[in-house]
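**Student:** Structure below; questions to follow.
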Amino acid sequence: MERIEVLEESDREVPEAAPGSGVSRRGRWAAIVAGAAALLAVGGMLAATVIKSPAQAAAEARPPERTVLTSPVEYRVLTSSVIVRGQVVAGQSVDVAPQMSGGADAATPVVTKLPVKQGANVKAGQVVLEVSGRPVFVLPGKVPMYRDLKPGAKGSDVRQLQRALRDLGHGTGSDADGTFGAGTKTALNSFYAAIGYDPLPALDDGGEGVKAAQQAVTQAKRAVAEAEAADGADAERNLGYAREDLHRARADLAEAKAAAGPRLPAGEVVFLQGFPARVDSVAGRVGGPVDGTVMTVSAGRLQVRAYLQEHQKGLVHKGQRVRIYSEVTGAEARATVGYLAESFTAPGGGEGDGQSGSAGEQSGASGQQGQSGYLLRADPDRPLDPKLAGQDVRLTIEAARTDGKALVVPITALTAGADGRTTVTVVEADGRQRRVEVRTGTAGDGFVAVEPVGSARLAENEQVVTGVKREGIGP
């Protein structure tokens, strides 16, 4: 750059001003200095446009910033999932609401004992409640208790009682299955004695019927003896009549004895499908009246029940795999869809196949009162921890799954052309774009499995366009 020296005014020769111009020598000198300063400023500006830092040069060498949003191509197993909330419940949930027998003048039933508490496990034959001095106990069985069982009764409910008594060590003798005979009487008497109570009699006559029949037999025997000692033309005929009367009296006595004995009131037993059972809740209190449900007991293997909505039902069917997850405990379990209702359940409608009867009435089988939808039951592969009973859990149902690993892209990466072809747009490292025709497969959770068509190329980790950046949006 040209150097400009500044000299003292006395050492520099300044041209004379033109005659008559009115410009002095000092003014001429000021104009020269101002011109030199302007020249220096222009030179600095030119230098700034030529000289660049290394960082600036590298930044200018990079490709221009992308104007599209991209996502990498993944290579993995893709699962299409339906996620719903469910509740862990037992296979059977029973409201224990005893209806004790009594006449019109009977006092209102009162809870006199509550030997179990909420959360307790109970076993077969255990007394769970006492109402007005009478026991309410649980026995294994699936047939609802709908009537009092008395000597002479027949049916599947009698067979169920006999089996339960035998399992508890009280043999029923030679009684035929399903017939309440002498052996079943003995077994029932033995069971009541084991739990510390006397059974109620089958007949409310205080045994008078048997006594009367016994007296009739006694009188008939005397009549036979008198006829045998009599003489005369009618003696033989009268003896025959007396013997017939004795035969009838003995038959009546046998019938009276068969009808007598213990009975099993419907209000004193709750049949449960499996043991150990669990006391889910206790609403009653000692001294309080029995005017509804006193406690709720659940039994059977734990399962998970949920409700699907209309848009979910078509994606789920029986046999699909389910993942159960408890956010409370962190427990996970695998299960299978064991049941899916065909009909829609309205709020509070309930659906199930549980216990009903005098002492036990089926509560909401799903355990989710007020819910609506299509009832789904997930059956765990292995028994669930009893502590999960009643918990709200998350169900992830595998509605579809790719056959092994596949190339997966976001659904937003797909473009459908007017020609019917589906493509994705790959962005190369240098910013160039190329379209790849693909064939789509399983979709789920916002992704879709794709396969390049023909000779098209698509590889894992390549970037595909999923959207366009807008001003002020995006990274």
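The values are calculated or read from the model by the stated rules, or taken from the named source; none is laboratory data. Here the structure is a predicted model, which means the values were calculated and not measured. With ideal geometry, Cβ positions are generated from the backbone for all residues, glycine too; neighbour counts draw on all protein chains shown. Just so you know, the surface numbers come from the protein's heavy atoms only, side chains and all, with ligands and any DNA or RNA stripped out. Shrake-Rupley method; radii C 1.70, N 1.55, O 1.52, S 1.80 Å.
**Student:** Just subtract the alpha-carbon distance of LYS211 and ARG85 from 0.36 nm times their residue separation and send over the number in nm, one decimal. Don't skip to the answer; put the middle values down first.
**Tutor:** On the way: separation 126, 0.36 × 126 = 45.36 nm, distance 6.48 nm.
Roughly 38.9 nm would be gained on extension.
**Student:** While we're on this one: Provide the per-residue ³J(HN,Hα) series for segment 112-129, in order, calculated from phi with Karplus coefficients 6.51, -1.76, 1.60 and θ = phi - 60°, each as a whole number of Hz, with x at glycine and proline positions.
**Tutor:** 9, 8, 10, x, 10, 10, 4, x, 6, 8, 10, 10, 4, x, 7, 7, 9, 6
**Student:** Once ligands and nucleic acids are excluded and a 1.4 Å probe is used, how much of THR67 is accessible, expressed in Å² to the nearest 10?
**Tutor:** 90 Å²
**Student:** If r is the Cβ-Cβ distance from ARG237 to SER190 and R0 is 60 Å, what FRET efficiency results, to the nearest 0.05?
**Tutor:** Details: r = 49 Å, r/R0 = 0.82.
It comes to 0.75.
**Student:** What is the calculated FRET efficiency for ASP403 to LYS142, with r their C-beta to C-beta distance and R₀ = 51 Å, to the nearest 0.05? Could you put the intermediate results ahead of the total?
**Tutor:** Values: r = 42 Å, r/R0 = 0.82.
Between ASP403 and LYS142 the formula returns 0.75.
**Student:** Something else now. How large is the accessible surface of LYS150 in square angstrom, using a 1.4 angstrom probe and rounding to the nearest 10?
**Tutor:** We get 90 Å² for LYS150.
**Student:** While we're here: Would you work out the relative contact order for segment 398-454, in percent, from Cα pairs under 8 angstrom that are 6 or more residues apart?
**Tutor:** On the way: 85 pairs, mean separation 20.3, N = 57.
Once divided by the residue count of segment 398-454, the mean separation gives 36 percent.
**Student:** What's the ranking of 247-258, 417-428, 267-278 by average number of surrounding C-beta atoms within 10 Å, highest first? Could the numbers behind the result be given before it?
**Tutor:** Details: 247-258: 15.7, 417-428: 13.8, 267-278: 21.7.
Result, highest mean Cβ count within 10 Å first: 267-278, 247-258, 417-428.
**Student:** Sorted by packing (mean other beta-carbon atoms within 10 Å per residue), highest first, where do 440-451, 134-145 land? Don't skip to the end; give the middle numbers.
**Tutor:** Working: 440-451: 17.3, 134-145: 20.5.
Final packing ranking: 134-145, 440-451.
**Student:** Post the alpha-carbon centroid distance, segment 81-142 to segment 238-293, in whole angstrom.
**Tutor:** Here the answer is 20 Å between Cα centres.
**Student:** While we're on this one: Figure the gain on full extension for LEU200 and GLU228 (residue separation times 0.36 nm, minus the Cα-Cα span) and round it to one decimal in nm. Write down the numbers at each step before the final one.
**Tutor:** Values: separation 28, 0.36 × 28 = 10.08 nm, distance 4.32 nm.
Residue separation times 0.36 nm, minus the Cα-Cα distance, leaves 5.8 nm.
**Student:** Can you compute 3J(HN,Hα) from phi for each residue in segment 139-152, using the Karplus curve 6.51 cos²θ - 1.76 cosθ + 1.60 with θ = phi - 60°, rounded to whole Hz and x for Gly and Pro?
**Tutor:** Rounded to whole hertz, the list is 9, x, x, 10, 7, x, 7, 10, 8, 6, 9, 10, x, x.
**Student:** Going from most exposed to least, what order do ASP392, ASP95, ASP291 have by accessible area with a 1.4 Å probe?
**Tutor:** Working: ASP392 80, ASP95 35, ASP291 140 Å².
These residues rank, largest area first, as ASP291, ASP392, ASP95.
**Student:** I would also like to ask the following. So who's got an amide H within less than 5 Å of the one on GLY390, skipping anything under 5 residues away but keeping other chains? H placed 1.01 Å off N, in plane.
**Tutor:** Amide H neighbours of GLY390: VAL88, VAL89.
**Student:** Which ³J(HN,Hα) values in Hz, rounded to whole numbers, follow from the phi angles of segment 218-224 under the Karplus curve 6.51 cos²θ - 1.76 cosθ + 1.60, where θ = phi - 60° and Gly and Pro get x?
**Tutor:** These are the phi-based 3J(HN,Hα) values: 4, 5, 5, 4, 5, 5, 5 Hz.
**Student:** Turning to a different aspect of this structure: Give me the 1.4 Å probe accessible area per residue for segment 98-229, excluding ligands and nucleic acids, in Å².
**Tutor:** Values: 6930 Å² over 132 residues.
Using a 1.4 Å probe on heavy atoms only, each residue of segment 98-229 averages 53 Å².
**Student:** My understanding is that a pair violates if its Cα-Cα distance is over 28 Å; which of LYS123/LYS387; LYS142/LYS257; LYS142/LYS318 do that in this structure? Mind dumping the intermediate values first?
**Tutor:** Details: LYS123/LYS387 17 Å; LYS142/LYS257 31 Å; LYS142/LYS318 24 Å.
Beyond 28 Å: LYS142/LYS257.
**Student:** Hey, another quick one. List the residues, sorted by chain then number, that are 5 or more residues from VAL122 or on another chain and whose placed amide H is less than 5 Å from its amide H.
**Tutor:** ALA277, ARG278, VAL279
**Student:** Modelling each spin label as a point 7 Å along the Cα-to-Cβ direction, I'd like the ALA459/ALA107 distance in nm, to one decimal.
**Tutor:** About 9.0 nm separates the two model spin labels.
**Student:** Ok, one more. Out of residues 5 or more away from VAL96 or on other chains, whose amide H comes under 5 Å of its own, with H placed 1.01 Å from N in the peptide plane?
**Tutor:** VAL294, MET295, THR296, VAL297, GLU361
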